[in-house]
């Protein structure tokens, strides 16, 4: 039998987590309940204790200030889509996740802690260099999202900790691009996804960030490839494409699964990269 607890505050939740009894956290449950359904073959039975945290007000705050954006880990996707001060480049991937009914309960913290390479928020968070505030009863610490997720379904959250906040550093971008490849535009798990941000001064690219999901054990970014493009004018991009291509080709290591084949993912990921960079080079983005 599974015991369920519903703490009245974040501190009470942290005290329960500190008690040493194995427990699993449930915010929206849209990933967790699918994984633990009978016959799923994904995860074993639920631990003896399940802790509901989606209702905690401390995990539902959103702040947009000069130093950056702070998002409570239990904020639902629908709530974030309705936040007027969040930039569009955060909202675009959220709008293509699942269905409206799922977005009403699914949380950004749950998508991170599920730690799937196909997680729809992750390429955006990697590109934005998001950091995660992680708390225990006695301490808190911050960690880059790319350091937090270690492998498919695995992360560095300890049994006595809770992910409480997603922190996005202040930055200015004048262009973004997002493509999700799936069986449908929404209400489908990604075969792969592509997210890019850029900032220019005049025609010159001052900064470029590119992240791809579901093409390796974790989301990939090539800072080497990005640095090759920084400082270039559009007409200078096409000549360096082979060099940039090579940076990403070595990182793309997809798998075969029920949604797609390894070869399809590899070819489409590289095609998306090339098309995006050619569009930059030709002045279309």
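Please treat every number below as a calculation from the coordinates, not as lab data. Every value quoted in this text rests on a predicted model; they were computed, and no experiment measured them. Backbone-built Cβ (ideal geometry, glycine too); neighbour counts: all protein chains shown.
Brief remarks follow.
- Condition broken by residue 159, with the remaining ones in (1) within 25 Å of residue 98 (Cα to Cα); (2) touching a strand residue (DSSP E or B) at 6+ places or on another chain (Cβ under 8 Å) satisfied: (1)
- Within the stretch 216-227, the presence of at least one residue that is touching a helix residue (DSSP H, G or I) at 6+ places or on another chain (Cβ under 6 Å) and within 18 Å of residue 279 (Cβ to Cβ) is confirmed.
- All of (1) farther than 22 Å from residue 12 by Cβ; (2) surrounded by fewer than 17 Cβ atoms within 10 Å (Cβ to Cβ); (3) touching a residue at least 60 places away in the same chain (Cβ under 8 Å) hold for residue 156 with one exception: (3).
- Residue within the stretch 250-260 that is touching a residue at least 40 places away in the same chain (Cβ under 8 Å), in contact with a helix residue (DSSP H, G or I) (Cβ under 6 Å, 6 or more places away or on another chain) and buried (at least 22 other Cβ atoms within 10 Å of the Cβ) present: yes
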